[in-house]
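The values are calculated or read from the model by the stated rules, or taken from the named source; none is laboratory data. Because the structure is predicted, anything quoted here is derived from the model rather than measured. Methodologically, a virtual Cβ is constructed for each residue, glycine included, from the backbone with ideal geometry; neighbour enumeration extends over all protein chains shown. Accessible surface areas use protein heavy atoms only, side chains included; no ligands, DNA or RNA. Shrake-Rupley method; radii C 1.70, N 1.55, O 1.52, S 1.80 Å.
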Amino acid sequence: MTKTILATGGAGYIGSHICYELLAAGYQVVVLDDFSNSSAESIKRVARLTNGAPVLIKGDVRDAAILDHVFSENRIDAVIHLAGVKAVGESVQNPQKYYDINVSGSVNLFGSMQRHGVSNVVFSSSATVYGIPEISPLTEDMPANPLNPYGQTKLMVENILRDMTAANPHWRSLLLRYFNPVGAHASGQIGEDPNGIPDNLFPYIAMVANKKQPKLNVFGDDYDTADGTCIRDYIHVVDLARGHVKAVDYLLSDRATDNSAEMVNLGTDQGSSVFQVLKAWEAACGFEIPYRIAPRRAGDAPAYYADSRRAKALLGWQAEYDLARMCADHWHWQSKNPDGYGK
Ligand code: UFG
């Protein structure tokens with residue numbers, strides 16, 4: 001029988017790619033999204049691309065009545081919980097918003113799951129929980145030390161979910177720690193559509209490539225790395241989305257055990273510097289991307305990348321796409337949709 005997955009925040013950048021991959025793998029999908037940083041158009045396009053019929057419900061995860069409605073109207077087999085806010089700088093300015101949406105929203109969701117007997121959940125966590133690591137690759141057992149309210153909320157929800165999974169009969173959860181998701185679906189139909197001027201490297205470069213910003217600010221070229229710029233583990237959003245399908249497959253199989261909450265890194269195990277990313281972008285678009293060296297950005301870690309061996313062992317997942325493909329697909333989406341979904 002077809003299994004149904006609820007994706008909270010499913011209309012967003014990562015969520016829309018997950019919905020595509022779930023539908024392509026034969027799951028039915030219900031999306032709950034408040035459209036605060038997303039558009040219903042992404043799900044319309046996912047439906048067209050997959051010939052699927054995802055159910056789209058507008059609502060906030062802090063609203064218990066909406067959640068109870070979603071769980072009573074649909075037989076949900078597993079939840080992928082992506083809904084939340086994610087701007088590091090804003091979380092420092094307005095921590096209450098982050099604790100409210102990310103933590104209270106999650107507690108509310110897990111409470112509703114409990115009431116409706118839904119016991120499988122995949123949580124969208126982040127490598128940000130590792131803070132500023134001294135060594136890489138990062139394994140899941142390395143200490144967590146988030147440095148801002150956003151990172152704190154991710155770690156708090158991991159801990160809440162761990163406790164609830166241990167306490168509730170048949171609960172199973174996976175806490176997926178994403179490295180830096182970038183790129184877009186190969187169709188160029190779905191991709192990242194940030195509100196306003198983006199903070200992150202790929203969407204910012206995309207704006208420069210589209211002549212919507214004059215140049216990229218490279219935040220520091222005096223780090224203790226080979227070329228002086230920071231190193232991150234960029235992962236293609238399609239690889240990341242497929243990791244979620246494997247996660248759901250796993251939770252719904254007899255390979256998973258009840259009352260277990262596993263942390264799993266999703267990365268490529270490769271680090272790329274800001275300059276390497278810039279070069280790969282130039283190769284993808286075929287022209288130069290103007291840049292200037294700017295001061296370091298507060299709170300940036302010099303370098304880190306994943307060890308994803310647990311994802312491979314547990315879920316049978318590993319990333320396939322390289323940096324060239326990430327840049328090519330991101331640029332394909334952005335050049336075809338210079339105004340994103342056009343909201
Ligand atoms: N960078 C620039 N110029 C820019 C933007 C970024 O030089 O305009 C540099 C940053 O200094 C950093 C690298 O590019 O060295 C990547 O920066 P991003 O902002 O793209 O990503 P971060 O690694 O800072 O953070 C991202 C997400 C977080 C998440 C974290 C997980 O924004 O939400 O990855 O590791 F938690």
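Structure notes:
- Overall dimensions of the stretch 26-108 as given by Cα atoms, namely Rg and Dmax in Å: 14.3, 42
- Accessible area per residue in Å² at 1.4 Å probe, computed on the chain: 42 Å²
- Shown for the chain: the carbon plus sulfur share of the solvent-accessible area, taken with all protein chains present and a 1.4 angstrom probe, equals 49%.
- Distant-in-sequence amide H partners of Ala78 (H built 1.01 Å from N, under 5 Å): Thr4, Leu6
- Computed over the stretch 1-64, the convex hull of the alpha-carbon atoms projects to a mean area of 4.2 nm².
- Qualifying trypsin sites (Lys or Arg not before Pro) for the stretch 183-236 [loop in DSSP, other Cβ within 10 Å: at most 15]: Lys211, Lys212, Lys215
- Chymotrypsin sites (Phe, Trp or Tyr not before Pro) within the stretch 220-294: DSSP coil, no more than 16 neighbouring Cβ in 10 Å: Phe287
- Exposed-loop-free span, longest in the chain, where GluC sites (Glu not before Pro) count as exposed if DSSP calls them loop and at most 16 other C-beta atoms lie within 10 Å: 135-287
- Put simply, the Cα atoms of the chain extend 54, 43, 38 Å along their principal axes, the longest span coming first.
- Close amide H contacts of Ile231 (hydrogens built in the peptide plane, cut-off under 5 Å, sequence separation of 5 or more or a different chain): Ala303, Tyr304.
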